[in-house]
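Below you'll find the structure, written out as structure tokens, and then a few comments.
The values are calculated or read from the model by the stated rules, or taken from the named source; none is laboratory data. On a predicted model such as this, the values are computed, not experimentally measured, just so you know. So basically every Cβ, Gly included, is an ideal-geometry build from the backbone, and we count neighbours across all protein chains shown. In case anyone asks, the SASA skips ligands and DNA or RNA and just uses the protein heavy atoms, side chains included. Shrake-Rupley method; radii C 1.70, N 1.55, O 1.52, S 1.80 Å.
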Amino acid sequence: MPHMPVPLKSSEPVQDEASDVRSTLKHVNQPTALEIFAAFYPLATGYLLAYAALDWISSADLSFPLRVSFWNPLAGLDLVLLIYGGWRYFPLVLLAPLLADLAFGRVSFVWDMEVGQMLVSGLASSVGVFILQRSVTRFDPKLQSMRDIGMLLLAGSIASLLYASGNVAMALGKGLLKTEEAFLAFRMFGVGQFSGMISLTPLLLMRLMGESHLLDNKRRLALGIAIGSIVLALTLVRGQDIYVWFFLLAIPVAWMAILAGVEGACLGLLAVQIGVVLHIGTQHALIGQVSILQARLLVLCLTALAIGVLMSERRKFEQQVRQHQEALFRLGRIGSMGEVAAAIAHEINQPLMAAGTYMRLVETSLASATVDRNEAAQITRKAVEQIDRAAEVIRNIRGLTKLDRSGRLEHRLSALVENALKICRIGLEERQISCRVVLAPDLPPVYVIGIQIEQVLVNLIQNAADAVTPGRGTIVISAIPLGRDKVEVSVSDNGTGFPEPLLDGESLLFWTTKIDGNGIGLSLCRTIVEAHEGKFQLKNVASGAIVHFTLPVAGPFSHD
Ligand code: ADP
């Protein structure tokens with residue numbers, strides 16, 4: 001042990017201090033064999049620890065007649081290790097039963113039985129993996145389709161048959177089993193292993209392959225409640241006949257399968273299986289009852305897994321539909337982009353042509369013998385004006401396409417309306433247009449980019465102001481809650497009403513009736529509202545025009 005200078009505390013004996021340091025050093029410098037193994041072989045360590053734990057749990061019921069374990073998930077664990085880690089872990093699969101028996105001091109020193117067990121379980125698991133790795137099965141360990149689950153069940157049932165046959169053959173050979181008990185033991189071995197495997201293997205594979213969605217969504221609480229009800233049900237039937245009350249456990253498992261698909265089903269099944277094994281481990285069960293319970297558990301496994309698979313498939317289908325809808329929407333946008341591009345080309349082409357004409361006039365003027373400098377400067381100014389106009393069109397279009405979608409915050413609509421009115425106030429007062437704001441008292445805050453919504457309101461107020469008769473115009477800005485997650489804002493006026501083509505759903509872009517208009521305002525409003533997942537509608541009423549648009553309400557899950 002290296003000597004370390006340590007400051008001494010006068011109140012404590014030197015001897016104690018030194019031994020403290022030594023024990024600390026020992027702790028720091030000498031990691032245990034398990035720590036070293038875990039650092040270099042995390043998968044192997046995880047496997048061995050899980051193997052030992054599951055072996056201990058599944059052996060809790062070995063007081064059964066025939067000494068057949070009621071539930072055996074160990075082959076399922078072997079399958080996961082070989083599928084995920086590869087064949088180089090095969091020696092570990094062979095050794096694990098022996099290591100677990102040594103760890104629990106269970107080795108009976110009937111070595112031929114011990115070796116036989118190793119070979120039978122090793123063979124059963126490797127045949128299962130071998131089947132899954134054939135290209136014809138097209139098995140994907142991420143378990144993304146019903147087919148993958150089906151293949152796993154097929155390989156698992158073959159492995160279970162092999163396991164059961166091997167064990168029964170050994171027991172018969174050793175005289176541990178009477179011939180008339182052979183079929184019952186075979187069935188119990190097989191069913192116990194199959195039920196253990198089909199609940200454990202999918203759960204672990206999905207977790208290891210990064211396909212687990214159990215812990216990363218809002219269903220966590222519901223799953224926790226379901227597990228809690230399984231534990232509660234098991235506690236309630238403690239000391240009673242679990243064979244009768246078994247159906248109580250089926251309800252939360254089915255619920256978990258509905259909630260979280262295959263993963264939910266497997267988690268629920270594991271909880272039930274572990275609970276039942278620990279429960280009946282304390283009872284002196286009759287073989288007939290155990291066998292019936294095993295059959296019920298198997299039925300529950302297959303039913304829950306079927307529900308889980310259907311739910312997972314449904315979720316995947318919904319996701320695909322959503323993706324297709326988005327793709328269609330994008331296609332639609334590309335289609336309308338063609339029209340927009342034509343309109344933009346037209347808008348920019350006009351001022352550029354005009355600027356070209358002016359510049360040619362300047363060229364002619366400069367080439368002539370008598371150059372009128374004033375006239376040339378005037379024409380050049382006109383050309384510059386046209387170029388500026390083209391630049392403004394481009395700037396406005398940028399505003400349309402480059403909407404910043406990040407930075408949404410919770411806003412009170414009253415504040416946004418107030419800010420917009422501040423900008424428009426002078427114009428409205430000059431034209432003696434009155435403006436009323438009617439906001440519902442129970443209006444929830446909205447989740448928006450404040451400045452963009454202010455821009456929408458300013459555009460609509462200015463348009464309304466242009467449409468009404470000065471001195472007699474009235475603009476009303478109102479808002480009401482729409483369902484639980486939207487707010488509907490309306491801007492109405494008593495003006496001329498919208499021209500028909502705008503109401504017919506024609507593109508709003510560049511559509512203007514104003515001499516100095518550019519026809520971009522309404523388009524910009526629509527783009528902003530739709531970027532906030534809202535709807536934008538133009539209507540005419542008897543008294544004038546009205547624009548409705550919706551905005552998202554701020555809620556606990558508001559995020560970008
Ligand atoms: P601009 O105001 O530059 O013309 P907009 O896109 O904002 O561009 O408006 C397009 C056209 O829609 C306007 O030219 C006008 O004819 C019509 N419009 C907009 N708002 C109203 C309204 N409140 N009442 C009647 N017509 C309107």
message = Residues to consider are GLN432, GLN462, GLN455; find the one that is within 16 Å of the ligand (Cβ to nearest atom), open to solvent by 50 Å² or more (accessible area, probe 1.4 Å) and free of Cβ contacts under 8 Å to residues at least 60 places away in the same chain.
response = GLN462
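So is LEU538 near the ligand (Cβ under 10 Å from one of its atoms) and either surrounded by 20 or more Cβ atoms within 10 Å (Cβ to Cβ) or in contact (Cβ under 8 Å) with a residue 40 or more places away in the chain (or both) or not?
In short, yes.
Yes or no, residue by residue, for (1) more than 21 Å from GLY308 (Cα to Cα); (2) in a loop (DSSP other than H, G, I, E, B); (3) among the β-branched types (Val, Ile, Thr):
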residue: LEU232; (1), (2), (3): yes, no, no
residue: LEU249; (1), (2), (3): no, no, no
residue: ALA254; (1), (2), (3): no, no, no
residue: VAL262; (1), (2), (3): no, no, yes
residue: ALA265; (1), (2), (3): no, no, no
residue: ILE274; (1), (2), (3): no, no, yes
residue: VAL277; (1), (2), (3): yes, no, yes
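Mind checking which strands (runs of 3 or more DSSP E) fall wholly inside the range 461-558 and carry at least 1 residues that are in contact with an Asp or Glu (Cβ under 8 Å, 6 or more places away or on another chain)?
Ranges flagged: 474-482, 536-541, 544-552.
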query = Within the range 183-193, is even one residue within 18 Å of GLY85 (Cβ to Cβ) and open to solvent by 70 Å² or more (accessible area, probe 1.4 Å)?
reply = no
ask   = What helices (runs of 4 or more DSSP H) completely inside the range 69-154 contain at least 3 residues that are surrounded by fewer than 16 Cβ atoms within 10 Å (Cβ to Cβ)?
value = 90-103, 111-133
query = Which residue, of ILE475, ILE520, ILE449, ILE423, is open to solvent by 30 Å² or more (accessible area, probe 1.4 Å) and either modelled with pLDDT under 90 or within 14 Å of the ligand (Cβ to nearest atom) (or both)?
reply = ILE423
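Return the residue satisfying two criteria in turn: it lies in the range 479-517 and is within 9 Å of the ligand (Cβ to nearest atom) and open to solvent by 70 Å² or more (accessible area, probe 1.4 Å), and of such residues it is nearest to VAL438 (Cα to Cα).
Going through the qualifying residues, I end up with THR496.
Check ALA377, ALA369 and return the single one that is assigned to a helix (DSSP H, G or I) and at pLDDT 75 or above. Before the answer, list the steps.
Numbers: ALA369 fails: assigned to a helix (DSSP H, G or I).
Only one candidate passes the filter, namely ALA377.
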